[in-house]
Amino acid sequence: MTKNSGKPNQTLKIPKIILIAAQFLSFISTKLAVSFAARLFTTPIKHKLPKREAAMDEKSRQESVFIAAIQKEIVVYHYGDSPKKILLVHGWSGRGTQLVKFAEALFAAGYSTISFDAPAHGKSKGNTTLLPEFIESILELEKQFGPFEAAVGHSLGGIALLNSVRRGLQISKLTIVGAADIISDITDQFVDKLELNPKYSVLLREHFEKKHQISMDSFSAWHSAAVTRIPVLVVHDEQDDEVPVKCAYHIHENLANGQLMITQHLGHRKILGDKKVIAKTVDFFKN
């Protein structure tokens, strides 16, 4: 493989005005700073639909589905009509069409796919969401449109699927791509990007745990991996600037039946269009 001298996928920089606001609030009030950080942490960015996803958007049958457990509606995409269904789950600030190359390859292999815009993502309404809402959406879609033969999850979608399997999602195989692992590491990284004191990572987790009455670290991917018995393909890029590759190794170590595929110079998002990754996934599901 030809090496790329530049970085494959640089992380998004937080605007200076937000950094200044975070610093100012931390100076006058810890409580206000935590609330500000919590709002940012739960607010995804809605990106314009890229041209490469337009065909899937046009060809998919779309509908709104109410998720009773979270009292929110999401937009669901049905791509193809085969009874052999694969669930696709995007990551943070993604869309239901983001795994378009997987959908096209799976369609060619005789599968249909179901994907969705998570709450506050893509065409779904709302401004904020959290990982548990991804999980509840997945479990409700299984009730309404399952069973699914397998699933593919990118980034946060990978964590959500592992947690969903632990909650009872009935699939025979799973591929996770660029999935993060330990929740406290995610909040640590977020607080570091905001240039706040590391103590705010703990305070942020405590804020969510008090509000939602849940342990955030209980959602860490390795916890679910440790009790997952189905075959899981873990795919990650060595140069992923958003989610360190150590996450893939740790998740894989805790799987009873895992395969590991480490790529080079694809970053966190370009990997979703890589022919070798997609072919490996299709072969993994078929054989």
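The values are calculated or read from the model by the stated rules, or taken from the named source; none is laboratory data. This structure is a prediction, so every number in the text was calculated from the model and none was measured. So basically every Cβ, Gly included, is an ideal-geometry build from the backbone, and we count neighbours across all protein chains shown. Ligands, DNA and RNA are stripped out before the accessible areas are found, and what is left, the full protein with its side chains, is counted by its heavy atoms. Shrake-Rupley method; radii C 1.70, N 1.55, O 1.52, S 1.80 Å.
Worth pointing out:
- Taken one residue at a time, the phi angles of the range 110-118 give Karplus couplings (6.51, -1.76, 1.60, θ = phi - 60°) of x, 9, 10, 10, 10, 9, 7, 8, 4 Hz. Gly and Pro are set to x.
- Hydrodynamic radius of the chain per Kirkwood, over alpha carbon pairs, in Å: 19.3 Å
- Pairs exceeding 24 Å between alpha-carbon atoms, taken from LYS59/LYS275; LYS51/LYS275; LYS31/LYS72; LYS72/LYS246; LYS48/LYS211: LYS31/LYS72; LYS72/LYS246; LYS48/LYS211.
- Compactness check for the range 48-174: Cα Rg over 2.2 N^0.38 Å is 0.94.
- Violating pairs (Cα-Cα greater than 24 angstrom) within the set LYS143/LYS173; LYS84/LYS280; LYS16/LYS46; LYS46/LYS276; LYS85/LYS143: LYS46/LYS276
- When both the range 44-119 and the range 121-167 are represented by their alpha-carbon centers, they are found 11 Å apart.
- P(r) histogram, all alpha-carbon pairs of the range 111-185 included - 10 Å bins from 0, percent: 18, 55, 25, 2
- The HN-Hα couplings worked out from phi for the range 188-198 by the Karplus form 6.51 cos²θ - 1.76 cosθ + 1.60 (θ = phi - 60°) are 4, 5, 4, 5, 5, 5, 7, 6, 9, 4, x Hz, whole numbers, x standing for Gly and Pro.
- Tensor-based shape of the range 150-239 (alpha-carbon gyration tensor, a/c under 1.5 rounded, otherwise prolate or oblate): oblate
- On the basis of the beta-carbon distance and an R0 of 22 Å, ALA21 and GLU206 show a calculated FRET efficiency of 0.55.
- Mean separation of Cα contacts under 8 Å (6+ apart) over length of the range 27-103, as relative contact order %: 28 percent
- For the range 195-287: span of alpha carbons on each principal axis (Å, largest first): 45, 32, 20
- Of the accessible area of the chain, computed with a 1.4 Å probe over protein heavy atoms only, carbon and sulfur atoms account for 53 percent.
- Loop chymotrypsin sites (Phe, Trp or Tyr not before Pro), the range 215-281, which have at most 13 other Cβ atoms in a 10 Å radius of their Cβ (DSSP): none
- Based on C-alpha pairs under 8 angstrom that are at least 6 apart in sequence, the chain has a relative contact order of 18 percent.
- Nearest-20 debye value, the range 109-200 charge dipole, Cβ charges on Lys, Arg, Asp, Glu: 200 debye
- Normalised per residue, the accessible area of the range 179-282 is 47 Å², obtained with a 1.4 Å probe and no contribution from ligands, DNA or RNA.
- Take every pair of alpha-carbon atoms less than 8 Å apart whose residues are at least six positions apart; their mean separation over the length of the range 231-285 yields a relative contact order of 42 percent.
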